[in-house]
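Comments concern the structure below.
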């Protein structure tokens with residue numbers, strides 16, 4: 001597509017995502033009364049599916065030649081990055097959606113022949129849209145995001161789940177111990193797309209996970225790159241955007257320091273296993 | 001004070017805290033440009049002090065006989081809980097205030113002869129005031145908070161810093177391993193008063209820390225109690241509201257399960273040290 005078509009796409013997707021956000025907000029007004037857990041789960045499932053159907057319908061209507069990588073099964077499960085691919089998560093942060101009615105996002109990333117072109121991460125409840133067209137700058141609503149600054153580990157806020165520093169199958173619990181000890185603080189919000197957007201916006205300095213699906217990170221990676229950040233697998237190698245993957249995202253210097261630390265730990269015999 | 005006087009106090013403090021919040025918001029509009037770290041630290045120090053001075057001034061003006069326990073040194077450092085004590089933190093979540101310009105709160109708790117009577121935790125940037133007069137119900141803005149529901153560990157969101165599950169001086173890193181592994185997820189927001197308010201509001205199910213100061217938890221404990229929750233030290237014993245302390249806060253059943261788990265770990269020889 002040419003630049004003008006990308007600008008049209010940006011406008012369209014912004015409209016769709018706001019409409020979808022409105023539906024999600026409205027869905028919360030009544031069911032907040034629900035106390036039974038299975039009903040809570042049904043609500044999530046229904047809203048996940050409803051929002052994905054709505055967005056897939058729009059994409060198919062306006063861009064019938066494009067393919068969709070999505071969570072709830074209404075997409076296409078493409079096996080190559082050729083052409084234009086949409087990475088779509090209707091509700092990223094499902095537990096937050098159910099328990100907190102906040103800290104969840106609609107995440108849409110659009111790639112052309114494997115290159116990130118457009119990203120939209122919409123934190124519904126605070127009406128905060130992180131977005132960019134690659135090369136045009138990244139934005140939080142109307143405010144342009146600054147390029148990531150150099151941050152030392154000692155000054156860094158690092159976002160990671162406790163899972164990855166306790167016994168688990170993916171990474172030796174001690175690989176990140178030294179980083180956690182040295183850093184300024186850790187955070188965990190429970191929505192990967194918001195957490196990647198926060199790195200892009202400089203609200204946190206690094207995000208680490210051993211297991212994320214393409215629809216979770218598709219948009220976030222584009223935002224990270226747009227502000228000069230780096231996102232790789234935990235071992236520093238390139239991310240395959242069609243597979244589940246580990247992710248380390250940060251500004252270049254901080255990313256390098258953490259990736260080198262992980263590399264030394266692995267060289268010393270500690271395990272690091274990519275998701276199946 | 002009689003009930004009518006407490007209602008007057010509630011109205012007054014709500015007004016003060018909103019005015020203080022407005023000042024904090026306004027302080028962010030210009031200095032967000034500041035990039036130098038020492039200036040960032042100065043900003044925090046200045047705003048911490050400015051807000052504490054403002055609030056201490058109001059308390060001293062309207063309640064000259066009361067004592068104040070506060071972070072920045074404008075209070076009274078009382079050595080007994082006799083009479084009426086105010087626990088005041090002008091900015092709880094200082095790192096968040098500087099780095100994120102969100103997730104920080106003004107926290108004010110008022111105790112009478114050691115009993116929590118009034119609590120105010122104001123998440124400034126989302127304009128969300130968690131508050132209660134003991135016995136009158138707890139509220140998030142105008143919405144009354146429900147009593148805490150019974151939650152199993154497996155369904156629980158538990159808020160704790162990575163610090164307490166990695167090597168540290170206060171608690172053996174393995175004491176909570178099993179709880180972290182079994183729970184539904186962990187969160188960490190970096191503002192103790194907001195995290196305690198989130199437990200009271202059911203947004204998270206438990207909050208754990210090994211080190212908190214009276215001004216950080218004074219208000220939060222009152223909210224937790226008002227919704228039927230339990231807050232103790234990590235070993236299950238009573239909190240001394242004049243000292244730094246560990247805190248485990250949750251609904252009664254979840255609190256008991258976690259406290260008993262910790263008790264078994266300590267009985268098996270793992271260390272647990274209260275702050276000095």
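Using only the C-alpha atoms of region A:153-267, find the volume of their convex hull and express it per residue in Å³.
So the per-residue Cα hull volume is 91 Å³.
How well do other chains shield peptide A:202-215, expressed as the mean number of their Cβ atoms within 10 Å of each residue Cβ?
Details: counts 2, 6, 3, 1, 0, 0, 0, 0, 0, 0, 0, 0, 0, 0.
Going residue by residue through A:202-215 and averaging, the value is 1.
Rank the residues A:189, B:198, B:207 as a footprinting-exposure proxy: fewest other Cβ atoms within 10 Å of their Cβ go first.
Working: A:189 23, B:198 26, B:207 29.
Ranking A:189, B:198, B:207 by Cβ neighbours within 10 Å, fewest first, gives A:189, B:198, B:207.
Describe numerically, in nm with one decimal, the distance between label points set 7 Å from Cα along Cα→Cβ at residue B:181 and at residue A:184.
Taking the two extended label points, one gets 3.4 nm.
Counting only DSSP beta bridges with both residues in region A:3-144, tell me the antiparallel percent, nearest 5. Before the final figure, lay out each step's value.
Values: 26 of 30 bridges.
For region A:3-144, the DSSP antiparallel bridge percentage is about 85.
With chain B rotated onto chain A, spot the residue of B whose Cβ lies nearest the axis and note the distance in whole Å.
B:188, 2
Can you list, shortest first and in nm, the gaps between the label point of residue A:154 and those of its counterparts in the other copies, using a point 7 Å from Cα in the C-beta direction?
Ordered by increasing distance: 4.6 nm.
Using the Kirkwood formula over every pair of different C-alpha atoms, what hydrodynamic radius in Å results for chain B? Write down the numbers at each step before the final one.
Details: mean 1/r = 0.0526 Å⁻¹.
The Cα-based Kirkwood calculation yields 19.0 Å.
Across the Cα atoms of region B:88-229, what radius of gyration and what greatest pairwise Cα-Cα distance (Dmax) are found, in Å?
In Å, with Rg to one decimal and Dmax whole: 15.0, 42.
Find how many whole Å separate the alpha carbon centroid of region B:75-108 from the alpha carbon centroid of region A:53-87.
That distance is 49 Å.
Say a label goes 7 Å from Cα toward Cβ at residue B:113 in every copy; what distances in nm does this one have to the rest, shortest first?
With the label placed 7 Å along Cα→Cβ, residue B:113 yields 8.1 nm.
At a threshold of 8 angstrom on Cα-Cα distance, excluding pairs fewer than six apart, so keeping six or more, what relative contact order does region B:3-144 reach in percent?
17
In what sequence do B:171, B:224 fall when counting other Cβ within 10 Å, fewest first?
Arranged by neighbour count, lowest to highest, B:171, B:224 become B:171, B:224.
For region A:153-267, give me the percentage of DSSP beta bridges that are antiparallel, rounded to the nearest 5 percent.
Working: 8 of 14 bridges.
The answer is about 55 percent antiparallel.
How big is the Cα convex hull of region B:3-144 in projection, averaged over all directions, in nm²?
On the way: hull surface 34.0 nm².
Answer in nm², one decimal: 8.5.
Starting from 0 in steps of 20 Å, tell me what percent of the Cα-Cα pairs of the protein assembly as shown lands in each bin.
21, 54, 23, 2
Which of B:143, B:227 comes first, and how do the rest follow, when ranked by fewest Cβ neighbours within 10 Å?
Values: B:143 10, B:227 19.
Ordered from fewest to most neighbouring Cβ atoms within 10 Å, B:143, B:227 come out as B:143, B:227.
Compute the long axis of helix B:37-62 from its Cα atoms, compare it with the longest principal axis of the Cα atoms of chain B, and write down the angle in degrees, 0 to 90, nearest 10.
Its long axis makes an angle of about 70 degrees.
Among DSSP beta bridges whose residues both lie in chain A, state the antiparallel percentage, nearest 5. If you can, show how the numbers build up before the last one.
On the way: 35 of 45 bridges.
Percent antiparallel among DSSP bridges in chain A is about 80.
Can you tell me the orientation of helix B:252-267 relative to chain B, as the angle in degrees between its alpha-carbon axis and the longest Cα principal axis, to the nearest 10?
Around 60 degrees separate the two axes.
What is the angle, in °, between the Cα long axis of helix A:214-226 and the longest principal axis of the Cα atoms in chain A? Nearest 10 is fine, range 0 to 90.
Approximately 70 degrees, to the nearest ten.
Give me the distance between the Cα centres of region B:143-170 and region A:188-214, rounded to whole Å.
With region B:143-170 and region A:188-214 each reduced to a Cα centre, they are spaced 21 Å.
Residue by residue through A:248-254, how many Cβ atoms from other chains fall within 10 Å of the Cβ on average? Let's see the in-between values first.
Values: counts 0, 0, 0, 0, 0, 0, 0.
Averaged over the peptide's residues, the number is 0.
Quantify how strongly other chains surround peptide B:179-191 by giving the mean number of their Cβ atoms within 10 Å of each of its Cβ atoms.
5
What FRET efficiency do you get for residue B:235 and residue A:136 if R0 is 41 Å and r is their Cβ-Cβ distance, rounded to the nearest 0.05?
On the way: r = 56 Å, r/R0 = 1.36.
That gives a FRET efficiency of 0.15.
Distances from residue B:3 to the same residue in each other copy, label points 7 Å out along Cα→Cβ, in nm, shortest first?
Relative to the other copies, residue B:3 has label-point distances of 7.0 nm.
Read-outs throughout are calculated quantities, based only on the coordinates presented, and are distinct from any laboratory measurement. Bear in mind that the values here come from a model prediction, so they are computed numbers and not experimental data. Counting neighbours? That spans all protein chains shown, and the Cβs are built from the backbone with ideal geometry, glycine included.
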